[in-house]
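What follows is a single structure, written as structure tokens, with notes after it.
The values are calculated or read from the model by the stated rules, or taken from the named source; none is laboratory data. Just so it is clear, the model here is predicted, and its values are computed rather than measured. A quick note on method: Cβ atoms are made from the backbone with ideal geometry, for glycine too, and the neighbour counts reach across all protein chains shown.
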Amino acid sequence: MMPTRPITIPGRLAALLCLAMLLSAPAAAAGTAAAAGAAAPARIVAMEWAAAETLLALGIVPAAIADAPGYRAWVGHPELPAGVADIGLRQEPNLEELARLEPDLILSHAHLLPLKEKLAAIAPVQAVTFNGTGGDTFAAILSGTREIGRLTGRSAAAERLIDETREAFDRDAEKLRKAGLAGRHVYFVRLVDANTLRIHGKNSVAATVLSRLGLVDAYAGDVNEWGFALSEPSALAGDTDAAILVAGPVGEEEMARVFDTPLGRALPASRAKAVRRLSVTWTFGGLVSAVTMADAITEALTEASP
Amino acid sequence: MIAAMPWAPGARLLGVGAFLAAVGILASAAGWDPRVTVSVARLGLFDPPNDVFAAVMFHYATLPRIAVALLAGASLGLAGAAMQAVLRNPLASPTTLGVASGASFALALSTLAGSAAAFLPPEAWSFLGAMGAGGLVYLIGRRHRFDPARVALSGMAVGLFLSAAASGLVLFNGQQLAFLFLWGSGHLAQSDWSGPAVLLPAFALAAAALLAARRVIGILAVGDDVAGSVGLKTETARLLVLVVAVALTAAVVARVGIVGFVGLAIPAIVRLCRPRSVAATLVASAGLGALALFAADASAQLLSRSGDRLVPAGAVTALFGAPVLFALLSRSRLSSRPNPPLRRSAGSFRDAGPALFAALAAGLAFAILVALFLGRTGGGFELLDPARDGTLLLTRLPRVLGALTAGAAVALSGLLVQKIVGNDLASPELLGISSGAAAALVLAVLVLGVISRTALLLCGFGGAIGATALVLWFARRHRDQIAAVLLAGIALGVFLDAIVRIALANASLEATALLAWLSGSTVLVSLPEAIGLGLLLAAAAGMVLLCRRPIALLDLGAAVPQALGLRVRAAQTLTLLLSALLASASTMVIGPLSFVGLVAPHLVRMAGVRRLAPQVGATLLAGALLMVVADWLGRVAVTPWQVPGGLVAGLFGSLCFLILAARRGAGGHAA
């Protein structure tokens, strides 16, 4: 009698949950149609920073976002107005606070799939995933931006944002070309600890930004589905012509722990004085973050070459 | 394998050493950086020119890394051997005594404090944390005459408390503390010679001190009675040896983070080779520890080269060390005394009357009402009006029910585990059940991507059952050796934790999401899930009550029930399976960190409940009460942010357990 127990209970649970999902799918679809067709939703909650910055860029102030202090520290642009409510951590949102806000639309994403039914009980949910899909992140950002534009009835603004992004890239690329920096090789990294860093490569936003700016991403190795590889500082010696750009926020002290060691000082980029600290640059954001990144890269590189 | 060899101890130890060295050299050769050619290496050996990066790398990264691996491994092996000898405890090691977690937590705190903590280097903070945690475990252990299982359990309690606290910090400061995952699994990369410069003197001093004290260690290893009769101040001697071992561990942890298993497994392997003297044991443990960590780090580098991931050496020591230890344990008998816990036969057997049940039930009812109706918004506490705010009540209902059923389930599971193990401080965590569930969850997310809650639930369930089956199989072979079973459970837990750590270190944003689930986030519980868990719980409790006679007899040891005609093995197996089922189901809701399975049955026993039937009832009520309160506290403590209920329970539960364990003096055993 014992062995049957482990099968029946989860089985029943599974059946119940499957049923619940089957039933909720058409309901959610109906909700979508209503959201897209009728009046644009006024009170929107963003469960992730990329969606939050996209809403702000489209001229919509979200009713609430997850981890507002985190947004201000790690994303920064566009600035988050003071009145926006905070619904707690991105992974552990406060559902009661969310329910109290009575939102018209919740912008979720694929990585919060386990929460979907809970969110759907509060308001219509749309999953718009910008990052960590394993594919070309910039393509995901473009379609995500258009999707948010469509959901909020601001498709024109979304297209305008995409055009502005392209213009900003062109402007930065022109600046770099004028400075004679076209084709410059660049490692784009974020520091983890004294002997570990994340190198952004294929499929990352950084890779797209670098290529749009007419620069070359010096890292060609394998990456994970978020577009970066966890590696050691010696990996930054592979391309002897490359500059090293470190995404901010990052302190002098953290920089010194990696680049002011016997090993760090011997890196080709260190010897060429081509290691640069960037201002706040969110590597998993939307189009505004991509432009912020492009501007930061351009500023750092043009400063670097007198 | 090794124990079966008919060779002399020296030859056996040399054989193991040669094997480890061969693995290390082969892995190093296979994973060698092609940039470092023979001429580059010659150039880089002493004074590398700054313009040849490969030579600089050889001099400042490759060579110090090998040196650090050898030194850290030797230090951990030595420290583990010394701890195990003077505590007469095969379960003692830098990681099982909570020392490593203490260091890790102190480092996280000092990082968050930023400039406020800058007056001391991070190494010093980590050192203070290690000493603090080690000291706490020592104080508790002393009250229990250093009973091996008890000391290891207190160590794990301290470790779990600190890692729960560290998890909380990472959850709220994920971006700053991302490195903790790597640091917590012993990443040995170096960029100068500062590591060896710290570790070499530390190791040399400690080794000299311990070898000088080899006679004292030898006497302590025989027993306090003998030590006392030859005029040794046992307390002082033991304390001094332990301080040396903990200080050495702290130095290692400060430089390279937590490298699990070397300190536990290497002395165990050495003991299986039966060396003839204390000095030989210490030297062999240091030597084999050095080679083991060298081999592990070479393998880690090889694994890191072949992909986009970074595999820390500490994870490799766990990945390979755990199965090795497991195999060794299952083939041979642990050459240590099995130490049956002393039973308290003094005091009354009068059960606490209905007053306790009334109090528990009233407390639970009150807690449920508060959890359902009292919330907190930005403005302050707010009483919910069910007529007006039905939806809000419906949002709360599943998580309150989930916390209630999961808490009760894990409490019952804990009670059963304690009956089987025969140790009233055991807990489901010891069997690796929760680690099994956690590892399966993480692997499922990483291999299959983001999957539905149902699929996650089933994966975690499978992992938990698998882990329990392994320990169950092991327990069968070693029914009478509780220490061996506990060691196997710890081995499995560390092994699975290594998998989780590698995964968390390499996945960025998913890592914190996984961490939230693993910390016991009741946000995800749905009403059908809570009801399903309730049904399971009711069935299990019913079954336990039906079979209360054989289960109650389990903790009398194997001989008595057998004499009474009870099939001990069958009863043990069924009870363990049931407790595994309950623990894994509740792990899915409140995570693996909750201490409810340990605390609830313990509290009930402390309240004077002795017979099984009332024990089951009171344990269920106490577990439910603890978890409902913990979940409510997590919900309202720092709104709008939510602290997972399992994490709150883990923090409070382990703290509560620590206080209880510390208060209960040796007097409890004396009768």
Considering each of B:G80, B:G17 in turn, give the residue that is in a helix (DSSP H, G or I), crowded, with 23+ Cβ neighbours inside 10 Å and either under 28 Å from the mean Cα position of the chain (by Cα) or within 14 Å of chain A (Cβ to nearest Cβ) (or both).
B:G80
Apart from one, (1) under 23 Å from B:G390 (Cβ atoms); (2) part of a loop (DSSP other than H, G, I, E, B); (3) not hydroxyl-bearing (S, T, Y) all hold for A:G76; the odd one out is (1)
Against the condition over 26 Å from B:A106 (Cα atoms) and in a helix (DSSP H, G or I), how does B:A295 come out, does it pass?
yes
Within region B:31-72, considering residues that are more than 14 Å from chain A (Cβ to nearest Cβ) and modelled with pLDDT under 85, the one nearest to B:M131 (Cα to Cα):
B:L45
By residue number, the members of region B:173-194 that are facing another protein chain (nearest Cβ under 8 Å), under 23 Å from the mean Cα position of the chain (by Cα) and at pLDDT below 75 are B:A178, B:F179, B:L182, B:W183
Could you tell me which of the residues A:A272, A:A243, A:A237 is modelled with pLDDT of 90 or more and out of contact with any Asp or Glu (no Cβ under 8 Å at 6 or more places or on another chain)?
A:A243
Given the condition at pLDDT 80 or above and closer than 25 Å to B:L625 by Cβ, answer yes or no: does some residue in region B:551-574 qualify?
no
Find all pairs meeting these conditions: Cβ atoms under 6 angstrom apart; at least six residues apart or on different chains; first residue within region B:635-649 and more than 11 Å from chain A (Cβ to nearest Cβ); second residue of a type outside the set (G, A, S) and surrounded by fewer than 24 Cβ atoms within 10 Å (Cβ to Cβ).
B:V648/B:L633
With in a helix (DSSP H, G or I) and buried (at least 23 other Cβ atoms within 10 Å of the Cβ) as the only criterion, which of B:G134, B:G114 stands out?
B:G134
Kindly list the number of the only condition in (1) assigned to a strand (DSSP E or B); (2) facing another protein chain (nearest Cβ under 10 Å) that fails for A:R277.
(2)
Any idea which residue in region B:242-288 is surrounded by the most Cβ atoms within 10 Å (Cβ to Cβ), counting only those that are farther than 21 Å from B:W125 by Cβ and charged (D, E, K, R)?
B:R271
Residues that are away from chain B (no Cβ under 14 Å): list the helices (runs of 4 or more DSSP H) wholly contained in region A:86-198 that include at least 1 such residues.
A:137-151, A:155-178
Looking only at region A:139-156, decide whether some residue is in contact with a His (Cβ under 9 Å, 6 or more places away or on another chain), hydrophobic (A, V, I, L, M, F, W, C) and at pLDDT 90 or above.
no
Would you say B:A227 is part of a helix (DSSP H, G or I), surrounded by fewer than 24 Cβ atoms within 10 Å (Cβ to Cβ) and out of contact with any Lys or Arg (no Cβ under 6 Å at 6 or more places or on another chain)?
yes
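Each row is one residue, and each column tells you yes or no for (1) assigned by TED's automatic domain parsing to the domain that holds B:N89; (2) at pLDDT below 80; (3) in a helix (DSSP H, G or I); (4) not aliphatic (A, V, I, L, M).
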site	(1), (2), (3), (4)
B:V244	yes, no, yes, no
B:A247	yes, no, yes, no
B:V259	yes, no, no, no
B:L310	yes, yes, no, no
B:A322	yes, yes, yes, no
B:F326	yes, yes, yes, yes
Failed condition for B:S75, given (1) among the hydroxyl-bearing types (S, T, Y); (2) closer than 28 Å to B:R145 by Cα; (3) modelled with pLDDT under 90
(3)
Scan region A:233-262 residue by residue and report those that are crowded, with 23+ Cβ neighbours inside 10 Å and not hydrophobic (A, V, I, L, M, F, W, C).
A:P233, A:S234
Hey, does region A:119-140 have a residue that's among the aromatic types (F, W, Y), closer than 30 Å to B:L456 by Cα, crowded, with 23+ Cβ neighbours inside 10 Å and within 19 Å of the chain's Cα centre (by Cα)?
yes
Just give me the residues in region B:385-420 being of a type in the set (A, V, I, L, M) and within 11 Å of chain A (Cβ to nearest Cβ), in sequence order.
B:L392, B:L393, B:L394
